[in-house]
Every structure is written in structure tokens, then in C-alpha cells.
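Note sheet for the following structure.
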Amino acid sequence: MVIKGESLIGGQAHGTALRLDAPISFWGGVNPQTSAVTLAGHPQEGMKISGKMLIIDRLIGSSSSSAVMLELLYNGIGPAALIIGTKDAILPVGALVAQQMQWSLCPVIIAEGIPFQSGDKLTLNDNKLTRIRTADAPREQ
């Protein structure tokens, strides 16, 4: 299955999907030293976003989230790619600055109604997101 979206930061990435089941702000919601979701009560609390094809349908929160994304990428523990369901300038700014500083590349794509779930194996090539294998294993921590 292939989904086309709007590429905000082009590039290629592949890996295991981690879909956040509830909105999140990275400011106070993700630990920039460990990449763990720290927002109390969040369905993915305790899970790490490092190296994941991170799917977030809806973001909330602070403009400081871009600084958290930048710190994650600087520390080498950011997501492999960011797949967001709605237009947002905050997280992509952190990814764009990291790319400009040549610290890390985190492609960003906007696509509504992403059908992929945590555990799916995905490949992103600029504006095309492809599922290469369906989740069949327990969710990773």
C-alpha cells in the first residue's frame, strides 16, 4: 500500500512505525535525552520514538516543541521520519534546523488518514509512504 502526501522536508527513511494514539506536545511530552514519551496518561507513555517512523495524527502544544525535536536530532535519537496528519510548522522547524546544521535528517510528510499502525514496516521516499510489511509482532518499548 502506498500513500502520497505533501513533503515538507524531503528525503528517504525506513523503519518500524510508531503511531501515537493521542495528540501530544513534545514540550513536556517527550524526553529529549531518552526519546521516551513522558506525557502522563498518554497511550504510548514510556515508549521511545528514536529511529521510528513516527505517525502523529494531531499535534498540540507549545512552540518549544521544535526545540525538543532539534535536541532529539542533535542527540542522535530523533525519529527516522515524521508523518503528520495535519499541517504544522512547529515540529518541522526543529527537523529543518537540524538538517541545515547537518546534524541529522528527519524527513517530514503531511498526509491525512494514514492507515498504518505501530509495528508496520514503512519506507518513505520524499512524498510517498509505503508499507512493506504489516505489524505482526508486539509493540516495541
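Among strands (runs of 3 or more DSSP E) entirely within region 44-141, having at least 3 residues that are touching a Lys or Arg at 6+ places or on another chain (Cβ under 9 Å) and surrounded by fewer than 17 Cβ atoms within 10 Å (Cβ to Cβ) singles out 128-133. I'm trying to understand the selection: among the residues of region 18-54, which are closer than 19 Å to S104 by Cβ, of a type outside the set (S, T, N, Q) and modelled with pLDDT of 95 or more? Answer for region 18-54, where residues must be closer than 19 Å to S104 by Cβ, of a type outside the set (S, T, N, Q) and modelled with pLDDT of 95 or more: L18, V30, P32, A36, K48, I49, G51, K52, M53, L54. Determine if region 61-71 includes at least one residue that is out of contact with any Leu (no Cβ under 9 Å at 6 or more places or on another chain) and either in contact (Cβ under 8 Å) with a residue 60 or more places away in the chain or within 19 Å of Q12 (Cβ to Cβ) (or both). So far as region 61-71 goes, no, none of its residues is out of contact with any Leu (no Cβ under 9 Å at 6 or more places or on another chain) and either in contact (Cβ under 8 Å) with a residue 60 or more places away in the chain or within 19 Å of Q12 (Cβ to Cβ) (or both).
Of the residues making up region 1-43, those that are more than 19 Å from A98 (Cβ to Cβ), in a loop (DSSP other than H, G, I, E, B) and touching a residue at least 40 places away in the same chain (Cβ under 8 Å) are M1, G5.
Checked against (1) in contact with a His (Cβ under 7 Å, 6 or more places away or on another chain); (2) more than 13 Å from I84 (Cβ to Cβ), G15 passes all but a single condition, namely (1).
The values are calculated or read from the model by the stated rules, or taken from the named source; none is laboratory data. Everything quoted here is computed from the prediction, not taken from an experiment. With ideal geometry, Cβ positions are generated from the backbone for all residues, glycine too; neighbour counts draw on all protein chains shown.
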